[in-house]
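Worksheet for the structure shown next.
The values are calculated or read from the model by the stated rules, or taken from the named source; none is laboratory data. Owing to the predicted nature of the structure, the values given are computational and were not obtained by experimental measurement. Methodologically, a virtual Cβ is constructed for each residue, glycine included, from the backbone with ideal geometry; neighbour enumeration extends over all protein chains shown. Side chains are part of the model used for accessible areas, which takes the heavy atoms of the whole protein and leaves out ligands, DNA and RNA. Shrake-Rupley method; radii C 1.70, N 1.55, O 1.52, S 1.80 Å.
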Amino acid sequence: MVMSERLSQIPDSYFGKTMGQKVEHGPLPLINMAVGIPDGETPKGILDCFSKAIHIPENQKYGAFHGKDTFKQAIVDFYQRQYQVALDKEDEVCILYGTKNGLVNLPQCIVNPGENVLLPDPGYTDYLAGVKLADAIPVPLVLNSPDYLPEWDKVAQSVLDNTKLIYLTYPNNPTGSVATQNVFDEAIKRFKGTKTKIVHDFAYSAFGFDHKNPSILQSPQAKDVAIEIFSLSKGYNMSGFRVGFAVGNKEVIQALKKFQTHTHAGMFGALQDAATYALNHYDTFLEEQSATFKRRRDLFEAKLAEKHIPFEPMKGGIFLWLATPEGYDGEQFVKYLLEEQSILVAPGIPFGEHGRNYVRISLALNDAQLLEAANRLQSLSALYHKEGSVCDDKN
């Protein structure tokens, strides 16, 4: 076998396997609600900055491995402005060529073989690969409906004693749940002084509907325990740029930076300039993004509620977590929706065992498509309300 034993034990990436594939569907026009990418265009000012930056001679050569001072300063200023968090741009900031790289590489940087890593269930699919690559032990951190928040007292102390790293993600992908500052305060207080570190995946930071999403670094003494990984992909409509960063605990940040010196030769300077411009000039755009998805959330949930179709309340992010009808698991319901309604959604199973009877629906569509999808789903009300169905008591 050519593939190494370590790599072969890692399941295929669900989205790596499915994105871009031709989709066979029913007779209606296809509505793709499986994509986790906001549908708007990158703001013109960012594109103009990027275009000009390509022509700067400095950007056509190798740059500093750990990034431009201007970009790191923009990150520091952004966190001070948005979250009142002070950062050291050299010791507490790590630029990432796509946040997925940081999230997947992190266990190899700080976790030893045989140590536990707690992964949210349900939670983002690709955290698991990083744990496996580090020869660490993945342990589900079960998140229960309706709030999908950690319940630390339900995790065995023997598990916690051997835990080196915990992944949290709010707004949660896939459930649309959010965390309050108290949730983060409790996590920091519980693990301060232990060997356990926390990484908070803040990819959907811009999308908070009832209140602004807090940063875990706002909690007292958070930098003793945690790092936060921030993406420009979602809030700024810059998913193709592959730009993000990690901030927080200096020991973890330095480990990530050391890892990157062996795997990257620095980020393209023009990308850094565009990201710097975004952070410095588009705070209002982030608010507009949140308002757009709040309006979509309100419309879509109202349509489902009209027909008593069960879903988890979406408080942030861009996804709605929809329960499957009785007799269907997530993969079966994905197939049914494609064949009968020409709607493509993501099954809940790749997000963890506790996603088995759910599907994830992206609201990253224009209003006309979103309304049409809601109308098609309304037509399935009878599936949820067969005589004796448990769904009769939901929503």
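Largest mean-square fluctuation among 183, 252, 225, in a Gaussian network model of the chain whose springs join Cα atoms under 10 Å apart, belongs to 183. The Cα atoms of region 20-129 give a gyration tensor whose axes a ≥ b ≥ c have a/c of 1.5 or more with a/b no greater than b/c, which makes the shape oblate.
What pairs from 100/258; 195/234; 22/335; 154/192; 22/132; 154/212 go past 23 Å between their alpha carbons? The answer is 195/234; 22/132; 154/212. The slack between residue 51 and residue 23, meaning 0.36 nm per residue of separation minus the straight C-alpha distance, is 6.6 nm. Determine which residues of region 103-142 fall in the zone a paramagnetic label at residue 254 would reach in this model, i.e. backbone nitrogen under 19 Å from the point 7 Å along Cα→Cβ. Output list for this probe position: 106-112. Of the labelled options [x] 24.3; [y] 20.4; [z] 18.0, which one gives mean projected area of the Cα convex hull in nm² as computed for this structure? Here the calculated entry is [y].
The residues neighbouring residue 271, those whose beta-carbon lies less than 15 Å from its own, together hold a net charge of +2 under the Lys/Arg +1, Asp/Glu -1 convention.
Measuring how big region 265-395 is from its alpha-carbon positions, Rg and Dmax come out at 18.1, 62 Å.
Between 382, 275, 346, the Gaussian network model of the chain with springs among Cα atoms under 10 angstrom shows the greatest mean-square fluctuation at 382. About its Cα centre, the chain has a charge dipole of approximately 760 debye under the convention of +1 per Lys or Arg Cβ and -1 per Asp or Glu Cβ, with nothing else charged. Each part reduced to its alpha carbon centroid, region 264-338 and region 346-390 end up 14 Å apart.
Of all DSSP beta bridges confined to region 163-281, the antiparallel ones make up roughly 35%.
At 25 °C and 0.890 mPa s, grab the translational diffusion coefficient of region 108-149 from Stokes-Einstein with a Kirkwood Rh over Cα pairs, rounded to a whole number in µm² per second.
Values: Rh = 10.8 Å.
It diffuses with D of about 227 µm²/s by this estimate.
Could you work out the Rg to Rh ratio of region 195-322, with Rh taken as the Kirkwood radius (inverse of the mean 1/r over all Cα pairs)?
1.04
Note on the chain: dipole from Cβ charges, positive end direction compared against 180, 43, 330; the farthest Cα belongs to 43.
Across region 111-225, how large is the tail of the calculated P(r) beyond 16 Å, expressed as a percent of all Cα pairs?
Working: 3824 of 6555 pairs.
For region 111-225, the share of Cα pairs beyond 16 Å comes to 58 percent.
What does the charge count near residue 112 come to, summing +1 for each Lys or Arg and -1 for each Asp or Glu among other residues with Cβ under 12 Å from its Cβ? Mind showing how you got there, number by number?
Details: positive: 164, 195; negative: 115, 135.
Result for the local shell: 0.
Size descriptor for region 224-283, Kirkwood hydrodynamic radius: 12.8 Å (Cα pairs only, one decimal). Give the range of the longest stretch in the chain that excludes all GluC sites (Glu not before Pro) found in loop regions by DSSP and having at most 12 other beta-carbon atoms within 10 Å. For GluC sites (Glu not before Pro) (loop position, at most 12 other Cβ atoms within 10 Å), the longest site-free span of the chain is 152-386.
Surface analysis of the chain yields an accessible area of 43 Å² per residue, using protein heavy atoms and a 1.4 Å probe.
Straight-distance candidates among the lysines for linking to residue 303, with alpha-carbon spacing under 18 Å and chain neighbours fewer than 8 residues away dropped: 294, 315, 394. Computed over neighbours whose Cβ is under 14 Å from that of residue 32, the net charge equals 0, Lys and Arg +1, Asp and Glu -1.
Highest GNM mean-square fluctuation among 232, 141, 337, for the chain modelled with Cα contacts below 10 Å: 337. Full extension of the chain segment joining residue 77 with residue 265 gains 65.2 nm, where the gain is 0.36 nm per residue of separation less the Cα-Cα distance.
Taking R0 as 30 Å, what's the FRET efficiency between residue 378 and residue 151 from their Cβ-Cβ distance, rounded to 0.05?
On the way: r = 34 Å, r/R0 = 1.14.
It comes to 0.30.
For the chain, the carbon plus sulfur part of the accessible surface works out to 52%, probe radius 1.4 Å. DSSP bridge analysis restricted to the chain gives an antiparallel fraction near 50%, rounded to the nearest 5.
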